[in-house]
Every structure is written in structure tokens, then in C-alpha cells.
Amino acid sequence: MRRPSVALAAATAVAFAVLPASVASAHGVHKHTTPRSAAIPTPVLTSSNVHLLTNFPDTVMISGVHAKTGNFFYSSSTDSISVYDTSNPAAPRLRGVLSNLVFENEAMTYGEKRDASGKLTRFVLVGVDIFNVSSDPQHVNVGGGKLLIIDVTNPADPFIRSSTPDSGPGTVTTSTHTVTCSNVARCEWAYTAGTGGVFSVVDLRDLDNPRQAKTLKSPANGPGIRFRTGAGHKFDVDDAGYAFHTGSVGGALFDTRQRQGNPLLINATNAKGNQSPYNDFILHNSQRPNAKLFRPNTAASVFKGNVLLITEEDYFNDGEEVACDKAGTIQTWYVPTLKKAGVSATTPGTGNIRPLDIANIPNENPVGGLTTPVGAFCSAHWFDFHQSGILAQGYYQQGLRFVDVRDPNNIKQYGYFTGGASEVWDAYWVPKRDANGVATGKMTNIVYTADFVRGIDVLCVDLPGQTCPASLPTAAAAATSAPAHQRLVEGSLPLGAAGLLAVGAAALLRRRRNNG
């Protein structure tokens with residue numbers, strides 16, 4: 001989550017300024033020069049178990065997602081939605097681009113549906129948090145509260161298929177900072193980030209007519225000292241059909257197995273979910289690995305489905321966003337039961353999900369002298385879990401950190417990849433696929449970043465039981481293989497950069513007045 005006034009400053013700085021590089025040396029660090037746009041310098045530091053394969057200088061990259069069915073990766077930047085062919089996961093290839101100005105679509109969700117004949121439709125959900133400008137006036141929005149359905153069935157021709165209404169019945173009435181499918185393989189319902197103690201359930205059964213069906217209460221996003229009106233952030237649905245909602249005053253667990261259009265609140269974090277050091281700004285996102293293997297009231301293990309992994313973002317709290325020893329953590333929480341625990345829907349802290357460990361990786365494991373942010377920010381952000389027990393965790397300008405959570409009571413760093421001019425928002429392990437291209441639920445050891453400055457870095461990581469090939473391309477070879485491509489079709493949109501910033505500034509100021 002980006003604080004509004006900071007978000008505009010960051011977007012402006014990245015778009016119109018050259019960020020200074022931070023070049024440092026440390027024992028065991030490899031120095032490379034990575035392929036980049038000519039305007040931005042490229043020093044990179046990696047641990048010996050992390051290998052750079054290539055880089056795609058996608059402009060102002062914010063989020064991405066892998067398809068469940070088919071070798072595709074979809075990226076979202078401030079100016080476009082892009083489709084990559086990942087048949088060779090080490091060398092993704094650009095297939096299609098939709099020009100669309102959006103801020104910020106921080107967590108793009110993939111979904112698919114089959115009709116009665118078995119025909120597959122692939123789509124991604126784009127949450128309009130602040131503004132959206134497309135070549136179609138119907139999809140120009142200022143102020144957020146809107147969801148776009150981007151049809152990506154034809155990878156060469158992504159297009160805006162539909163959107164929720166701007167007014168009247170079906171209008172989304174809560175924050176669309178993020179929007180999450182209830183079931184990727186049959187995406188008929190979605191949940192918004194939410195605002196003021198409630199979130200929206202969006203009906204996607206008719207992809208040409210998406211609309212809010214109802215709002216439901218959640219103790220994760222009630223009003224608090226940080227967000228006066230309350231702020232939800234992300235629903236994460238596990239493979240057993242439970243959804244965990246993170247927000248400004250903690251987290252809440254919902255049962256969606258047989259009731260995706262009407263999820264049932266069953267548990268929540270205890271009082272520590274709204275206390276320092278566990279929550280100094282917002283509980284940001286989560287995953288419950290191996291959820292189908294859940295073993296209640298047994299020793300905590302990420303391999304038994306009873307551990308929640310949670311990122312706490314500390315992005316704007318009395319200057320802590322520029323103090324890396326205080327800004328943002330990765331946490332493990334114990335889930336003792338999946339039975340309804342009598343949790344209050346309106347009062348945070350009444351559940352029995354309790355913390356196990358907490359770590360500020362950049363502070364505990366500084367890389368090459370990067371104990372302070374290169375530019376401005378160093379909080380933990382989005383992460384992705386690998387079945388080996390290693391997380392790929394974005395840390396803004398502290399780069400991509402690989403985090404070992406095999407012992408949930410002892411979180412520690414496993415490796416790192418960080419650039420001098422970089423802002424890693426997220427990372428995504430590439431799925432393993434069967435002969436039909438369907439994701440198996442397991443991951444390869446190749447990971448893609450979403451970097452607000454660099455674009456997409458493609459990395460191979462030596463993991464427990466899964467090492468990289470002995471022969472890998474050098475940084476120089478990676479530079480020659482990186483494709484050059486134009487990200488925006490000139491003249492295709494009604495607003496240029498100045499207009500985009502003006503529209504965004506107006507929306508941001510209005511939102512700041514509302515949220516403080």
C-alpha cells in the first residue's frame with residue numbers, strides 16, 4: 001500500500017528523474033552490470049546462490065501474475081498491461097501490450113472460466129485505486145472504486161472487456177486497492193481490499209457485467225489510529241478454500257469453500273495484530289502454505305498448513321519509512337484451528353491466531369552497506385512462497401530478499417538480489433506445469449521481480465533440493481538478450497505525462513483529505 005502523497009512523489013521521481021546508484025562491496029558479493037534503459041545506471045549485488053538471467057526494462061512496473069493454464073505472465077505498469085510468453089521461463093517473450101494508464105493496481109489477480117462447450121477465457125482483474133485512463137472514455141476514472149476486467153485470452157490482443165459501474169446499482173462502494181478472485185480456476189466472485197470495516201463481494205459470473213453484490217464486515221480493516229476510516233489491504237485465498245484478509249488493525253480468516261459469494265468469518269489475529277511491533281502501519285499480505293495439509297493443534301510448520309506468513313508494511317509512520325531498522329517486517333503466525341472461533345466481526349484482536357516470529361531482514365542482514373534506503377523507502381512489501389520453505393520477498397529499495405521460513409520460530413535470510421537504482425514491489429516464482437501447461441501447485445527455482453525502476457528481473461536461485469544449471473548466462477550475455485520494445489503507443493491515450501500527473505494529483509489530494 002502506498003500512502004497517497006508519497007505515491008505521487010515516487011511515481012513522479014521515477015518517471016522524470018535519474019535515481020543515483022549505490023555501489024558497495026561486501027564479502028561473498030557478486031557485482032554485475034545488468035541490461036537496462038540507457039538513462040538509469042545498473043550496478044547489482046547478489047548473493048552467491050542467486051543468478052541473474054535477464055532483465056526486461058518494463059516502465060514503472062508495479063505488479064504481475066502467472067496464468068494457471070498456459071505459459072503466460074501478465075505485468076501491470078502505470079502505462080500498460082503486458083502479456084509475456086513463458087514457454088521458456090528463463091527467457092520470457094513479450095506477446096501483447098494494452099496501453100492503459102492506471103494507478104496503482106498493486107496486486108493484479110488472474111482468473112479463468114470455461115463455458116458450456118469447454119472454451120477457456122483468461123482474464124486479469126485490475127483494481128483502480130486512484131485513477132485509470134484508457135483510449136475508451138468509458139474506462140476513464142478518477143477517484144478509484146472501480147474494477148476492470150482485462151481479457152487476455154488472445155495473448156497478442158489484450159483488451160478491456162468490461163468494468164464495474166461508475167454509479168447506480170452494482171457500483172463498488174469500498175476500496176479497490178486490491179481485488180482478489182475467490183477461486184482462480186473458476187473465478188466467479190472477487191473480494192476487494194475494503195474500507196471502514198467492510199469489503200465488497202463482486203459478482204463476476206457475467207464477465208461483461210461485473211458488479212458489487214454485497215458488502216460484508218471484517219475485523220481486519222476497522223478504524224484505527226493509522227487509518228481513521230479503516231483500510232483493508234489484501235485477501236489471499238489458499239488452496240484449501242480459506243481466505244485471509246489483511247488490514248490496518250490485523251487479519252481475519254474467512255471460509256469460502258462452499259460459499260464464495262458469501263464468505264464466512266471464522267477466526268482472526270489476536271490483540272497483537274494491532275500492536276507494535278507486529279503492526280506499525282498495516283498487515284499487508286499473507287500466504288498459508290500447504291493449506292490442504294492442515295494439522296490442528298500440532299507443532300507449527302509451514303509444511304503442515306498451520307502457519308500464516310504475513311508481511312507488515314511500515315510505509316508512512318513518523319518517518320520510519322526511511323529508517324530501515326524500523327520499517328516493515330516478515331512474520332510467522334500460528335493457526336491453531338479452522339473451526340469457527342467466535343471472533344467478533346467488528347472488534348479487532350478477538351481471534352486466536354498468534355505470532356511466532358518477526359524479522360526485519362534488511363536490518364538484520366545488511367547487504368553491501370545498504371543499511372539505509374538508496375532513495376527513500378525500505379519496507380517489506382509483497383512476497384511469494386516456494387515449496388522448499390524459501391520466500392521471495394520484495395523490500396522496495398532494499399531489493400529482493402530470499403527468506404528462510406522452514407523453521408517458523410526462526411526467520412532468517414537465505415539470499416539476496418539488490419540494485420543500486422531499484423524498487424522491488426513484488427516477486428513471483430514461475431510455476432511448474434504439466435504436459436498441458438497447467439500449473440501443478442509447485443514452483444520452479446526461477447523467479448520474476450516487479451521492480452518500479454528496473455522492470456522485470458529474471459533470476460535463478462539455488463534452493464534446497466533444487467539448484468540452478470552449472471552453466472548460466474553471464475551478465476554480458478543477459479544484456480545482449482534483453483529485448484528492446486516500445487511500451488506505449490504514442491498518441492493512443494487522451495492524456496500525456498503532465499495530464500496523468502494532474503489527474504492523479506487531484507485524486508490523491510481528495511483521498512488524503514478523506515483518510516488523513
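Quick note: the coordinates plus some simple rules give every number you see, no bench work behind them. In this text the structure is predicted, and so the values were computed from the model without any measurement. Here Cβ is always computed from backbone atoms with ideal geometry, including for glycine, and neighbour counts include all displayed protein chains.
Measuring between alpha carbons in the structure, the pairs from Lys68/Lys304; Lys292/Lys339; Lys304/Lys339; Lys68/Lys113; Lys326/Lys412; Lys272/Lys340 lying more than 22 angstrom apart are Lys68/Lys304. Per residue, the convex hull spanned by the alpha carbons of the range 395-474 comes to 132 Å³. Treating the range 99-179 as a set of equal point scatterers at the Cα positions, no solvent, please give the Debye-formula log₁₀ I(q)/I(0) at q = 0.13 Å⁻¹. One equal scatterer on each Cα of the range 99-179 leads to -0.40. Given 25 °C and 0.890 mPa s, compute D for the range 199-249 with the Stokes-Einstein relation, Rh being the Kirkwood radius over Cα pairs; round to the nearest whole µm²/s. The calculation lands on 198 µm²/s. Length, then width, then depth: along the principal axes, the Cα atoms of the range 142-291 run 46, 37, 28 Å. Along the range 262-273 the Karplus relation, 6.51 cos²θ - 1.76 cosθ + 1.60 evaluated at θ = phi - 60°, assigns HN-Hα couplings of 8, x, 9, 5, 10, 7, 7, 5, 7, 4, 5, x Hz to successive residues, with x for each Gly and Pro. Taking amide H as placed 1.01 Å from N in the peptide plane, the amide H of Thr54 sits under 5 Å from that of Val458, each at least 5 places away or on another chain. The simple Förster model, with R0 at 35 Å and r as the Cβ-Cβ distance, assigns Ala156 and Lys442 a FRET efficiency of 0.75. Which net charge results for the neighbourhood of Ala107, defined as the other residues with beta-carbon distances under 9 angstrom from its beta-carbon, given Lys and Arg at +1 and Asp and Glu at -1? Taking every Cβ under 9 Å from that of Ala107, the sum is -1. Remark: the range 203-208, residue by residue, has Karplus-estimated 3J(HN,Hα) of 7, 10, 5, 10, 5, 8 Hz, where x stands for each Gly or Pro and the curve is 6.51 cos²θ - 1.76 cosθ + 1.60 at θ = phi - 60°.
Residue ranges 427-437, 377-387, 264-274 sort as 377-387, 264-274, 427-437 when ordered by packing (mean number of other C-beta atoms within 10 Å per residue, highest first). In order along the range 293-301, the Karplus-derived 3J(HN,Hα) couplings, from 6.51 cos²θ - 1.76 cosθ + 1.60 at θ = phi - 60°, round to 9, 3, 10, x, 6, 10, 4, 5, 7 Hz, and Gly and Pro are given as x.
Taking one quarter of the surface of the convex hull spanned by the alpha-carbon atoms of the range 222-271 gives a direction-averaged projected area of 3.7 nm².
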